[in-house]
Amino acid sequence: MSILDAKPIVAIATAPGRAGIGIIRLSGLALGPLIHALLGQDLKPRHAHFLPFRDGDGGTIDEGIAIHFPGPHSYTGEDVLELQGHGGPAVLRRLLQRCLEAGRVHGLRLAAPGEFTQRAFLNGRLDLAQAEAVADLIDASSEAAARSAVASLSGVFSAKVNDLADRITHLRILVEATLDFPEEEIDFLEKYQAAATLAGLREELADILAKTRQGVALRDGLKVVLAGEPNVGKSSLLNALAGEDIAIVTPIAGTTRDKVTQEIHLDGVPLHIIDTAGLRDTDDIVESLGIERSWNEIANADIVLHLQDARLPIQAISARILAHCRPGVPVLQVFNKIDLVEKESGTAWQPAPDTVPVQPENGQTGTHHALTTIGISAKRGDGLDALRQQLLQLAGWTPGEASPWLARARHVEALNLASAHLEIAALHAAQNDTVLDLFAEELRLAHDALGEITGKVSSDDLLGMIFSSFCIGK
Ligand SMILES: Nc1nc2c(c(=O)[nH]1)N(C=O)[C@@H](CNc1ccc(C(=O)N[C@@H](CCC(=O)O)C(=O)O)cc1)CN2
Ligand SMILES: Nc1nc2c(ncn2[C@@H]2O[C@H](COP(=O)(O)OP(=O)(O)OP(=O)(O)O)[C@@H](O)[C@H]2O)c(=O)[nH]1
C-alpha cells in the first residue's frame, strides 16, 4: 500500500495538546478550488495571509495565517496549503473538521502516517534515506543524533552512496563493453586496472559501512550488559553510570532477580545499560529463571562488561560469558571494588598477571575484540571516567566527533550485501581465467544493493513499512 491514492490529504501537523501555534497541512494536485471554498478567497503563492478561518455558517473558528505553496515548489511537490492557527486541541479539531467538510467534494481525506513525506519521496523531492532522516530527526533523542540526522536529511549520506554506486556502474560498463570483444577479455583486467579499481571501491565501501554503523549506534543505541557473579557490584555500577539509584543494592548475594535497564547518553550516544541477575548455580527457582534471562541478555549484547571482584582471582565464569556472546562483541573485564583492594593491601590496584584473557569455551578464538581490563570502584567512583571512555571507544566513537550521518539497520544490511558482492567480484577477478560476465553481474548486484538505500530499488512493502512508522501529519 505504498501509493494510497492521489486524492488531496489533510492532517494536523503539530503535536497534540496546548501550544502557541498549531498547523494544519493539506496537500493535493490542484488545491485552488478547495482553497477558495475553504477560505472564500484565492491566496497569493508563498505569501502569508492573515485572515479568519470560518466554519460553514460563517462563524469564526480562529484567526490565523494561511500560506499556499503551489506545486512543485512545496514540501510534497504537490500544492500545499498551511493553516497556522492557535495551538489548542479544540481549535485544531474544529479546523480539521471544517477542511474535511469544505474539501469533501474535492475528495479530501485524512492523511495516513508519513503520507506527506511519502508523496515528497514519490515526487522525487527526497530520496528514501532522506525521507527516513526526516522521521529520525523528529525522533532524535540527543543533540548529536539530531545533528547527524540533519546531515542525512541534507543528503550527505545519499551522496556518498550514489557516488559509490556510480563508480561501480562505471567499472561495469567498461567490463560489459569488453564482453563484446572476447579476444580482449584476457587483458581487460590489466588494461583497465580493474582489480585496483575494485580494491579502491571496496575500501570506500568499508569506510562508508563503518560510519553508517556509527550512525545506527547513534540512532538506536547500544546494549551494554553488566554480567558477573552475584555481589560483584553490577547494580552499583548501573546506579553509578545512571547517576541515580535505579537498581537495588544490598550486601546479599542474589539481590537482582530480573534485568533492570537504564538509558544513558555518552557524548550523545544512547547506551542501554542492562543490569542482570548474578551468575551462579542455585536451587532457588526465581533466581535461576533470572539467571537464564541474564544469559539471554549476554547473547543479545552489543558490549558486555564482565564485572569481577578485584580482590579475587579471575573467575571461571569468564570463558562461559565469552562463549555466550555474539561473535565480535567486545567483552570488557571490569574489576570492581578496587577501593577495598587498596584498603586491605595498602597498595593501589594493579591488573594481576593472572587476569590475562581466557579463551572462550567454544574456541571462537579471534572473533572477540581484544579483552580490555579496567579497575573501578562503583562505590567511590574511581575509574568510571576511564570506563566511559572505553565504552565510547568500543562503540567505535572518536571523542567529540559526531557521526557524519544518522542511519538505520536496513542501511547497514544493504551495505553488507553490496560488500559481499564486491568481494565475490574480487574473487572472480583474482582467477586466472576471469569470467567477465560473472564479474559484471556481481557489480550489478552490488549496485542494486546500494540502490535500496536511496530507494532507487524499492518494494511497496518496504515503503509501506518505512512510512507507516512516521507520525501523522509528517
Ligand atoms: N511551516 C512549516 N514549517 C516547516 C515545514 C513545513 O512544511 N511547514 N517543513 C516540512 O517538513 C520543514 C521544512 N521543509 C520544507 C521543505 C521544502 C519546502 C518548500 O516549499 N520547498 C520549495 C521551495 C523552496 C524555496 O523557497 O526555495 C522547493 O523546494 O521547491 C518547505 C518546507 C520544517 N518546517
Ligand atoms: N567497597 C565497595 N563496595 C562495593 C562496590 N561496589 C559494590 N559494592 C558493595 O557490594 C555489595 C553488592 O553490590 P551490588 O551492586 O548489589 O552487587 P550485584 O553484583 O548487583 O549483586 P547481585 O544482585 O547479587 O547480582 C553491596 O553491599 C555494595 O555496596 C565498590 O566499588 N566498593
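Across segment 300-329, the number of residues qualifying as under 29 Å from the mean Cα position of the chain (by Cα), outside any loop (DSSP other than H, G, I, E, B), among the aliphatic types (A, V, I, L, M) and more than 16 Å from ligand 2 (Cβ to nearest atom) comes to 3. For the structure I just gave you, tell me whether Arg280 is among the basic types (Lys, Arg) and either farther than 30 Å from Ala135 by Cα or surrounded by 23 or more Cβ atoms within 10 Å (Cβ to Cβ) (or both). Answer is yes for this residue.
Just to be sure before I move on: is Leu126 buried (at least 19 other Cβ atoms within 10 Å of the Cβ), within 16 Å of ligand 1 (Cβ to nearest atom), under 23 Å from Asp55 (Cα atoms) and at pLDDT 95 or above in the structure I sent? It is false that Leu126 is buried (at least 19 other Cβ atoms within 10 Å of the Cβ), within 16 Å of ligand 1 (Cβ to nearest atom), under 23 Å from Asp55 (Cα atoms) and at pLDDT 95 or above.
Against the definition (at pLDDT below 95, buried (at least 20 other Cβ atoms within 10 Å of the Cβ) and away from ligand 1 (no atom under 16 Å from the Cβ)), how does Val356 come out, yes or no? Working first, answer last.
On the way: at pLDDT below 95: yes; buried (at least 20 other Cβ atoms within 10 Å of the Cβ): no; away from ligand 1 (no atom under 16 Å from the Cβ): yes.
Answer is no for this residue.
With the structure loaded, tell me whether Ala133 is modelled with pLDDT of 95 or more, touching a helix residue (DSSP H, G or I) at 6+ places or on another chain (Cβ under 6 Å), under 22 Å from Gly464 (Cα atoms) and among the hydrophobic types (A, V, I, L, M, F, W, C) or whether it fails that test. Before the answer, list the steps.
Details: modelled with pLDDT of 95 or more: yes; touching a helix residue (DSSP H, G or I) at 6+ places or on another chain (Cβ under 6 Å): yes; under 22 Å from Gly464 (Cα atoms): yes; among the hydrophobic types (A, V, I, L, M, F, W, C): yes.
Yes.
Annotation: Glu115 fulfils all but one of (1) in contact (Cβ under 8 Å) with a residue 24 or more places away in the chain; (2) within 30 Å of Asp267 (Cβ to Cβ); the unmet one is (2).
Scan segment 3-42 for residues that are exposed (fewer than 13 other Cβ atoms within 10 Å of the Cβ) and in a strand (DSSP E or B) and the total you get is 2.
Considering only residues that are among the charged types (D, E, K, R) and more than 20 Å from the chain's Cα centre (by Cα), which ones fall in segment 456-474? Residues satisfying the conditions are Lys456, Asp460.
For the residues Gly124, Gly103, the requirement of being over 26 Å from Ala449 (Cβ atoms) and either outside any helix (DSSP H, G or I) or not polar (S, T, N, Q) (or both) singles out Gly103.
Taking segment 43-93 as the region of interest, the strands (runs of 3 or more DSSP E) fully inside it that hold 1 or more residues being away from ligand 1 (no atom under 12 Å from the Cβ) and more than 15 Å from Ile23 (Cβ to Cβ) are 49-54, 60-69.
Determine if segment 430-446 includes at least one residue that is small (Gly, Ala, Ser) and free of Cβ contacts under 8 Å to residues at least 60 places away in the same chain. The answer is no, given that none of the residues of segment 430-446 is small (Gly, Ala, Ser) and free of Cβ contacts under 8 Å to residues at least 60 places away in the same chain. Which one is surrounded by the most Cβ atoms within 10 Å (Cβ to Cβ) among residues in segment 191-243 that are among the acidic types (Asp, Glu) and free of Cβ contacts under 8 Å to residues at least 12 places away in the same chain? Only one residue tops the list, namely Asp207.
The values are calculated or read from the model by the stated rules, or taken from the named source; none is laboratory data. Keep in mind that what you see is a predicted model, and the values were worked out from it rather than measured. Cβ sites come from the backbone with ideal geometry, for glycine too, and all protein chains shown count toward neighbours.
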